[in-house]
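Peer 1: Dropping a structure here in structure tokens format, bear with me for questions.
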Amino acid sequence: MYRIVKEYHFSAAHQLHQLPPDHPCARIHGHNYVVEVELCSQTLNQYGFVRDYRELDALKEYIDSKLDHRNLNDVLGDDHVTAEQIARHFYDWCKTKWPEVTAVRVKETPRTVA
């Protein structure tokens, strides 16, 4: 099994409306997100790649144009924008473009990952 991972960064805000009002995440707050996209394949293509990293530039363009420095609740149309849901959003978006996608990780902090 061959595996590649590419990392992306963006900053955005969100608010978890479902939490009690005294929870800090119930207030609007922001993160410097790190997104890791993993692709796997049993074989390599004619160039020796799982997939050329340059083909993944569409994700960077999507992040920069739709998510960076935005309120994710507004962009994703949801009041419950958790790291898990952001990871699912990226997974679904990526999987439609690159069938080799096997996982997406979203870090809100250096010590937390979904």
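Peer 1: Considering (1) in a loop (DSSP other than H, G, I, E, B); (2) open to solvent by less than 90 Å² (accessible area, probe 1.4 Å), say which one D57 fails and leave the rest.
Peer 2: Unmet condition: (1).
Peer 1: Between a first residue in segment 34-61 that is under 20 Å from S11 (Cβ atoms) and a second residue that is open to solvent by 80 Å² or more (accessible area, probe 1.4 Å) and part of a strand (DSSP E or B), which pairs have beta carbons less than 6 Å apart while being 6 or more apart in sequence or on different chains?
Peer 2: Close Cβ pairs (under 6 Å, with a partner that is open to solvent by 80 Å² or more (accessible area, probe 1.4 Å) and part of a strand (DSSP E or B)) amount to V34/H9; E36/E7.
Peer 1: Look through segment 77-114, keep the residues that are of a type in the set (A, V, I, L, M) and either open to solvent by 50 Å² or more (accessible area, probe 1.4 Å) or touching a Cys at 6+ places or on another chain (Cβ under 6 Å) (or both), and return whichever of them is farthest from L19 (Cα to Cα).
Peer 2: If we take residues in segment 77-114 being of a type in the set (A, V, I, L, M) and either open to solvent by 50 Å² or more (accessible area, probe 1.4 Å) or touching a Cys at 6+ places or on another chain (Cβ under 6 Å) (or both), then V101 is farthest from L19 (Cα to Cα).
Peer 1: I'd like the residue in segment 60-76 that is open to solvent by 70 Å² or more (accessible area, probe 1.4 Å) and within 14 Å of N32 (Cα to Cα) and, out of all such residues, is nearest to the chain's Cα centre (by Cα).
Peer 2: The extreme case among them is D64.
The values are calculated or read from the model by the stated rules, or taken from the named source; none is laboratory data. Predicted model, so just to flag it, every value in this text is computed and none were measured. Virtual Cβ from ideal backbone geometry, glycine too; neighbours counted across all protein chains shown. Each accessible area value is taken on the protein alone, full model and side chains, heavy atoms only, with ligands, DNA and RNA left out. Shrake-Rupley method; radii C 1.70, N 1.55, O 1.52, S 1.80 Å.
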